[in-house]
1. Out of the residues in segment C:10-28 meeting the condition of being buried (at least 19 other Cβ atoms within 10 Å of the Cβ) and closer than 20 Å to C:Ala214 by Cα, tell me which one is nearest to ligand 4 (Cβ to nearest atom).
2. Among the residues of segment C:111-125, is any farther than 22 Å from A:Thr240 by Cβ and either surrounded by fewer than 21 Cβ atoms within 10 Å (Cβ to Cβ) or away from ligand 4 (no atom under 16 Å from the Cβ) (or both)?
3. At negative phi and either in contact (Cβ under 8 Å) with a residue 40 or more places away in the chain or touching a Gly at 6+ places or on another chain (Cβ under 7 Å) (or both) - does that describe any residue in segment A:183-190?
4. Hey, any hits in segment C:161-177 for a residue that's within 16 Å of ligand 5 (Cβ to nearest atom) and in contact with a Gly (Cβ under 9 Å, 6 or more places away or on another chain)?
5. Considering only segment B:258-273, I want to know if a residue exists there that is in contact (Cβ under 8 Å) with a residue 24 or more places away in the chain, more than 13 Å from ligand 3 (Cβ to nearest atom) and of a type outside the set (Ser, Thr, Tyr).
6. Could you say which residue among C:Glu107, C:Glu103, C:Glu122 is part of a helix (DSSP H, G or I), at the interface with another protein chain (Cβ under 9 Å from one of its Cβ atoms) and over 22 Å from C:Ile185 (Cβ atoms)?
7. C:Leu68 is checked against (1) buried (at least 20 other Cβ atoms within 10 Å of the Cβ); (2) under 29 Å from B:Ser194 (Cα atoms); (3) more than 9 Å from chain A (Cβ to nearest Cβ) and fails just one. What number does that condition carry?
8. Can you find a residue in segment C:111-118 that is within 16 Å of ligand 6 (Cβ to nearest atom) and either farther than 25 Å from C:Gly150 by Cβ or under 16 Å from the mean Cα position of the chain (by Cα) (or both)?
Amino acid sequence: MTRYLLRRLAAVAGVLLVICAVTFAVFYVLPSDPAAHACGKTCTPEQVTLVRAQMGLDRPVYEQFGGYVTGIFTGRVLGDGPTALECSVPCFGYSYQNALPVWDLLTDRLPVSVSLALGAAALWLAGGLAVGLVAALRRGTALDRSLMAATLASASAPVYFTAMMLLLILVQRLEWLPYPDYRPISEGPAAWAGNLLLPWMTLASLYAAMYARLTRASMIETMAEPYIRTARAKGLYERTVVTKHGLRSALTPIVTIFGMDLGGLLAGAVITEHVFGLPGVGQLTYDAIFKADQPVVLGVTLLAAFFITLANLGVDLVYAVIDPRVRYA
Amino acid sequence: MTGASPARPAGEPGTAPDAAPDAGPRPAPLLSVRDLRMTFGKRNGVRAVDGVTFDVWPGETLGLVGESGCGKSTTGRMIVRLMEPTGGTVVFAGRDITRLGPRDMRPFRRDIQMIFQDPFASLNPRQTVERIVSGPTRLLDRRGVIELLETVGLGAEHADRYPHEFSGGQAQRIGIARALASRPRLIVCDEPVSALDVSIQAQIVNLLADLQRELDLAYLFIAHDLSVVRHVCDRVAVMYLGRVVEIGSRDAVYNAPAHPYTRALLSAVPVPDPEVELVRERIVLPGDPPSPAAPPPGCSFNPRCAMARDVCRTEAPPLMAHGPGERKVACHFAG
Amino acid sequence: MILRVRDLRVAFPAGTAVDGIGFDLDRGRTLGVVGESGSGKSVSSLAIMGLHREAAVSGSIVFDGEELVGAPASRLRELRGRRIAMIFQDPLSSLHPFYTVGEQIAEAYRLHLRVSRRVARERAVEMLAEVGIPEPRRRAGEHPHRFSGGMRQRVMIAMALSCEPDLLIADEPTTALDVTVQAQILELIRRIQRDRGIAVMMITHDLGVVARVADEVLVMYGGRTVEHAPVREIFRAPRHPYTQGLLASAPRLPAGGAGDSPDPAAGSVAAGGSPDPVAGGVAGPVVKGRLRAIPGSPPSLLAPPPGCRFHPRCARYAAAPDDACVTEAPELRELRELCVLGEVGEVHAGRALRLVGAEGPPAGPVHRTACHLAETRGGSR
Ligand SMILES: Nc1ncnc2c1ncn2[C@@H]1O[C@H](COP(=O)(O)OP(=O)(O)OP(=O)(O)O)[C@@H](O)[C@H]1O
Ligand SMILES: Nc1ncnc2c1ncn2[C@@H]1O[C@H](COP(=O)(O)OP(=O)(O)O)[C@@H](O)[C@H]1O
Ligand code: SF4
Ligand code: SF4
Ligand SMILES: [Mg+2]
Ligand SMILES: [Mg+2]
């Protein structure tokens, strides 16, 4: 088991390295000049050259890449002379935009995105599983059909639209909720949750719809398995048959997808954060891409990749717990 | 490894590991399989087929029987080259085809065809029967296809339909028509009737028998149902755990089985006659067939064999001639 | 009498899968149910278990004096697993992959007998030992995928028998198994039946299995009973053209001891005393490999043929067409022997028919068949 875990972690590191290299390569071939951006509109060509040298952009790409990667583990000094910048471990560089360490930017923003993702995930799991389960057990009835129609509508509505509708109804018309304004959980869970409820609902409505459909399909398939017939033939209560024998198997494929979805969202829900003006990683990504702020984009890409590969590992471990066939293999 | 060199397939009497039964002059075998091996996986591999040797003569049917997982299908697949053997040779009509490249193999692909157990899984659901039968290389025109469909008991009206519109028995007929399209000389039938109902099974068995007579086909008939095999085969090879343990004429094997496993296998088959069942001696083998990943040392049948002695646990018995005729048995105490 | 089924019908929205079957079953006895796939064997057995959810079940199923058709679902649940148990064709997919076999066996025992987890667990180990699993205590803690096919079916049997049921329904329990393992499982079922005196309903398409284990046989075709008789009668004197065809088309081994005929098809027809070209098809010289096939294929549930469902394939009808075969479904009638003069093979001449109908009470083991032309054959020999 330990060996397996180590091997998997090594693989995670490898994947991160590759993603880092690819992102680097992409920026290298892009025609934008970060030095010009960073220097500002009034810079003379000489100044730009100076800035470029300080940012290390005049060096060959593999050197830049090597410096970047070692910097993460050992820290490094950017540029030299009086303008040299000390960048401490873990060093992901400085933003071209506002000269702040990327690491600090990320750690500032991360709690917002994590709050958003975890709350939304809880909501959509509860909602999606419940709706999917009911629809599967009432398969073919009017209830099933209307639930599925609703999920289809909900899944195909753009996030902008859902967000606007929720704002309009819950905030402006009914005034049940405040306009979202992020409060850290340290200011009290009520304020935290109250302000995040609207973004949570927006994000969850999209995912819940997908999960409901997924749960329904998976549950219908499982309930047709011969072992379900065996469970019934043993005289078990239908309740036991559905939960202990049916649901447990039906959830296995959902675990995989949940891992991926959550992993992706932890590193920022770009549109949702943008719509509600939440200062999360998604928002940061959005700005960084527009301004070609390479260190920041690189940072968030790595962060996203980190979460996704980690989530994958988590999924596999959970799998081994629920499905003994995997455990022995 | 037997000494048979691929260049000189065992044709002459005496050198043939599987000589003709009536000692009379017999044509050379159509198919000679020598020490065929298939090991899956590199480290501690599964020896699915572990040195199989037999011949099939033109126009005859050789039955290949044995329990699930003993390597029957794998053997069949290697003969049609759906799988590359990890050892041994396959000689067809005097030519070693074991290592032929795709180009040189092409004419042999027409000569050796295969019919599968699941009639539907082996037919492309998106192609019409005409397309399926005429094959990817369009061997036949429409008239040829219709003629062939009539040969297998279907009609022109079926040519434009899709596989899902047919019953299992009809689908198997389509599979047979497809196999016949290239005018093969040998058909490897992998459990061709196992998935069919008894009454339909008989129809397909009859069809195969008629085709054999009319077209002078040879069959390698793979099956686990010993009753069916008794009906369709001239000779029978019994496999256990990747090896042939007994091979001989049908009557010799069925009427006087010499290997303890063959005896147990035959006695286990239920006979549709309650009075016979009542008085019949039955050998119920203990345990399950062992896994080919970890075969027992010595004779691989020894853990289940009532006759096993010490030598059985250390030495694997070779396949050796037993009594008169062509019978061969792999048992230290064959009787 | 533990089970009494009368005029059982099971209708799915798409069509009627079982159309009026009936039989009696005593403790300690085995009823063999044979038929091709789709003839309604599994549907009938699931009806007895009360496991149909989308189908309308009508008729009467009396289990130990209690009517099950129309009984409340909760009552059926109490009986399932406790007094009526079932095993299935594919033992791997019939066991839950995520729970150990011990847990799965203990589950029903614990529920029905209201015992503690520990007691149920002990019972599971005991049952595994009884069905011949070596090292039962250790194996109880393993998951089904670690067992071979035969051992999984043993586990299913252990599970089915843990609550000491009165009736065991076995739906093709050995179809997925090798012959040597099939022999073990059939032996096991037989031993357990003898030890506990339970009634067994053995569903199969293999006539050999029926011959080995059954006391009585019910032959099904297109959702109906075509013949029902003691096992010897079915094999020695089949009266329905379908049964005859089935027996003639089944290849067989040399009958070991009893005079072996080189052409088994001819052998069985001779045994059946049926001179008509029943199994149709192609008489004539016996060629290697030829079997007496029944032409055509089984009827579809959606559009069953009118009248007798077998008529499109029936050689007796083809030989002497009778309008009744096409317009009227033949009723199941009793073949009563009025005077028994010789041994089984010779009595046909002395047979007469008495109409009892599908509802009729079959008193003792009788020979019943559903064919309009059953009597036309009687004296033809
Ligand atoms: N692709 C493969 N990789 C690994 N093992 C394999 C593979 N194909 C077959 N085997 C193993 O090889 C052995 C022989 O398989 P094969 O399919 O030839 O058996 P068979 O005699 O045809 O059995 P059946 O009667 O079930 O069809 C089995 O143990 C099987 O698990
Ligand atoms: N759930 C179902 N819905 C509709 N038709 C069914 C269902 N289950 C079985 N049938 C049909 O009922 C007929 C009898 O099936 P079954 O009893 O399973 O046959 P078998 O005799 O092979 O066990 C078949 O035509 C089958 O397609
Ligand atoms: S060699 Fe020995 S163990 Fe093998 S079959 Fe013969 S007697 Fe049995
Ligand atoms: S009723 Fe007619 S069609 Fe049906 S089995 Fe009898 S003879 Fe054949
Ligand atoms: Mg196979
Ligand atoms: Mg069935």
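1. Filtering segment C:10-28 for residues that are buried (at least 19 other Cβ atoms within 10 Å of the Cβ) and closer than 20 Å to C:Ala214 by Cα, the one nearest to ligand 4 (Cβ to nearest atom) comes out as C:Ile21.
2. Of all residues in segment C:111-125, those farther than 22 Å from A:Thr240 by Cβ come to C:125.
Applying the additional criterion that residues be either surrounded by fewer than 21 Cβ atoms within 10 Å (Cβ to Cβ) or away from ligand 4 (no atom under 16 Å from the Cβ) (or both) yields C:125.
Scanning segment C:111-125, I find at least one residue that is farther than 22 Å from A:Thr240 by Cβ and either surrounded by fewer than 21 Cβ atoms within 10 Å (Cβ to Cβ) or away from ligand 4 (no atom under 16 Å from the Cβ) (or both), so the answer is yes.
3. As a first pass, look at segment A:183-190 and keep what is at negative phi: A:183-187, A:189-190.
Remaining after also requiring either in contact (Cβ under 8 Å) with a residue 40 or more places away in the chain or touching a Gly at 6+ places or on another chain (Cβ under 7 Å) (or both): A:184-185.
Yes.
4. yes
5. Yes - at least one qualifying residue is present in segment B:258-273.
6. Details: C:Glu103 fails: at the interface with another protein chain (Cβ under 9 Å from one of its Cβ atoms); C:Glu122 fails: at the interface with another protein chain (Cβ under 9 Å from one of its Cβ atoms).
On inspection, the qualifying residue turns out to be C:Glu107.
7. Unmet condition: (2).
8. Filtering segment C:111-118 for residues within 16 Å of ligand 6 (Cβ to nearest atom) gives none.
No, that holds for no residue.
The values are calculated or read from the model by the stated rules, or taken from the named source; none is laboratory data. Just so you know, these numbers come straight off a predicted model, no measurement behind them. Please note: Cβ atoms are built from the backbone with ideal geometry, for glycine as well, and neighbour counts cover all protein chains shown.
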